[in-house]
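Chemist: So that we are looking at the same thing, I have put the structure below in structure tokens.
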Amino acid sequence: MLNQRAPEAGPTTDLMRKAYARWAPVYDVVYDKLTEPAARAAVQAAIAHGPRVLEAGVGTGLSLGYYPRDSFVCGVDLSEDMLKRAGRKVARRGLTHVKGLQVMDVCRLGYADASFDAVVAQFLITLVPDPEAALTEFLRVVRPGGGIVLANHFGQSNGPVARVEEIVAPLCTKIGWSSDFKATRIEAWARRNGVEVMGLAPTFPGGFFKILRMRKPG
């Protein structure tokens, strides 16, 4: 399933690695309960397409225990520090359905075409340097008819809330968040690539996070 393409990391990804190295020790404490409902919903949406799932931006592996034990899950992340913590979770909890955890740039995945039934990316797509490149890679490694599932906060399209989100966006970026990235950008990519948008559903807390589901033609 793996090929030999080595990811290329530019200055932006180097900065991301450093930021995630700082976040790794406290990530679970900050995000575990806050993101659990959205993560569980994203996992269920991905598994609906089949057992073979790639989790892009797996981080410390918070959601790895939500998958069925008969699934086949691979996780990738830019941060080696986060992956070490994910690996310890897998070993400690006996998560035998997790078949691999690898350092990898989601914009240059080292997997063959059509390797997975679904790709799920949680709280990732708004932070990568080139979201469209990442989505195109997700599409490539998903089988025809497979799914792409995104869990994220997406900014409002218009109105006063949208203006506030745009104003605070630079601050949010500094703390590893994105406030003004809109789902319409993902939907525009989907239209250009013939990908079906299956739905955008709000989840906890109070609809702040949303689950965006897409399906590859096939």
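The values are calculated or read from the model by the stated rules, or taken from the named source; none is laboratory data. Model, not experiment: these values are computed from the prediction. Note that we place each Cβ from the backbone using ideal geometry, even for glycine, and neighbour counts take in every protein chain shown. Remember, those area values only see protein heavy atoms, side chains included, never the ligands or the DNA or RNA. Shrake-Rupley method; radii C 1.70, N 1.55, O 1.52, S 1.80 Å.
Chemist: For segment 77-100, name all the residues that are outside any helix (DSSP H, G or I) and within 22 Å of LYS33 (Cα to Cα). Break it down into steps so the answer makes sense when it comes.
Modeler: First, pick out the residues of segment 77-100 that are outside any helix (DSSP H, G or I): 77-79, 94-100.
Those that are outside any helix (DSSP H, G or I) and within 22 Å of LYS33 (Cα to Cα): ASP77, SER79, GLY94, LEU95, VAL98.
Chemist: OK, next. How do the pairs read when you match residues in segment 104-115 that are within 20 Å of GLY145 (Cα to Cα) and among the aromatic types (Phe, Trp, Tyr) with residues anywhere that are part of a loop (DSSP other than H, G, I, E, B) and open to solvent by 40 Å² or more (accessible area, probe 1.4 Å), using Cβ under 8 Å and keeping only pairs 6 or more apart or on different chains?
Modeler: Pairs found: TYR111/MET1; TYR111/ASN3.
Chemist: Quick one: GLY50 ticks every box in (1) touching a helix residue (DSSP H, G or I) at 6+ places or on another chain (Cβ under 7 Å); (2) among the small types (Gly, Ala, Ser); (3) assigned to a loop (DSSP other than H, G, I, E, B); (4) open to solvent by 10 Å² or more (accessible area, probe 1.4 Å) bar one, so which box is it?
Modeler: That leaves (1) as the condition not met.
Chemist: Does any residue in segment 86-98 that is without any contact (Cβ under 8 Å) to a residue 60 or more places away in the chain and under 16 Å from GLY59 (Cα atoms) come within less than 8 Å, Cβ to Cβ, of a residue that is part of a helix (DSSP H, G or I) and open to solvent by less than 30 Å² (accessible area, probe 1.4 Å) six or more places away or on a different chain, and which pairs are these?
Modeler: Every condition considered, the pairs that remain are ALA86/LEU64; LYS89/LEU64; VAL90/LEU64; LEU95/LEU64; LEU95/LYS89; VAL98/LEU64; VAL98/VAL90.
Chemist: Checking SER178 against (1) at pLDDT below 95; (2) under 25 Å from GLY50 (Cα atoms); (3) not aliphatic (A, V, I, L, M): exactly one of these is not met. Which one?
Modeler: SER178 satisfies all of (1) at pLDDT below 95; (2) under 25 Å from GLY50 (Cα atoms); (3) not aliphatic (A, V, I, L, M) except (2).
Chemist: Something else now. Looking only at segment 101-129, which residues are closer than 29 Å to PHE204 by Cα, part of a loop (DSSP other than H, G, I, E, B) and touching a helix residue (DSSP H, G or I) at 6+ places or on another chain (Cβ under 7 Å)?
Modeler: Within segment 101-129, ASP105, VAL106, CYS107, PHE123, ILE125, VAL128, PRO129 meet the criteria.
Chemist: Return yes when LEU109 is modelled with pLDDT of 95 or more and either closer than 21 Å to THR35 by Cα or open to solvent by 60 Å² or more (accessible area, probe 1.4 Å) (or both) and no when it is not. Show your work before the answer.
Modeler: Values: modelled with pLDDT of 95 or more: yes; either closer than 21 Å to THR35 by Cα or open to solvent by 60 Å² or more (accessible area, probe 1.4 Å) (or both): no.
No: the conditions fail for LEU109.
Chemist: Could you list, in sequence order, the residues of segment 137-165 that are crowded, with 17+ Cβ neighbours inside 10 Å, at pLDDT 95 or above and in a helix (DSSP H, G or I)? Outline the logic, then answer.
Modeler: Step one: of segment 137-165, the residues crowded, with 17+ Cβ neighbours inside 10 Å are 137-139, 141-143, 146-155, 165.
From the residues that got through so far, the ones that are at pLDDT 95 or above too are 137-139, 141-143, 146-151.
GLU137, PHE138, LEU139, VAL141, listed by residue number.
Chemist: Closer than 21 Å to LYS210 by Cβ and among the aromatic types (Phe, Trp, Tyr): which single residue out of PHE116, PHE72, PHE138 fits that description? Even if it seems obvious, please write down each step before you answer.
Modeler: Working: PHE116 fails: closer than 21 Å to LYS210 by Cβ; PHE72 fails: closer than 21 Å to LYS210 by Cβ.
Matching residue, one of PHE116, PHE72, PHE138: PHE138.
Chemist: Touching a Leu at 6+ places or on another chain (Cβ under 9 Å), closer than 26 Å to ARG192 by Cα and at pLDDT 95 or above: which single residue out of VAL98, VAL120, VAL103, VAL90 fits that description?
Modeler: Numbers: VAL98 fails: closer than 26 Å to ARG192 by Cα; VAL103 fails: closer than 26 Å to ARG192 by Cα; VAL90 fails: closer than 26 Å to ARG192 by Cα.
Among VAL98, VAL120, VAL103, VAL90, only VAL120 is touching a Leu at 6+ places or on another chain (Cβ under 9 Å), closer than 26 Å to ARG192 by Cα and at pLDDT 95 or above.
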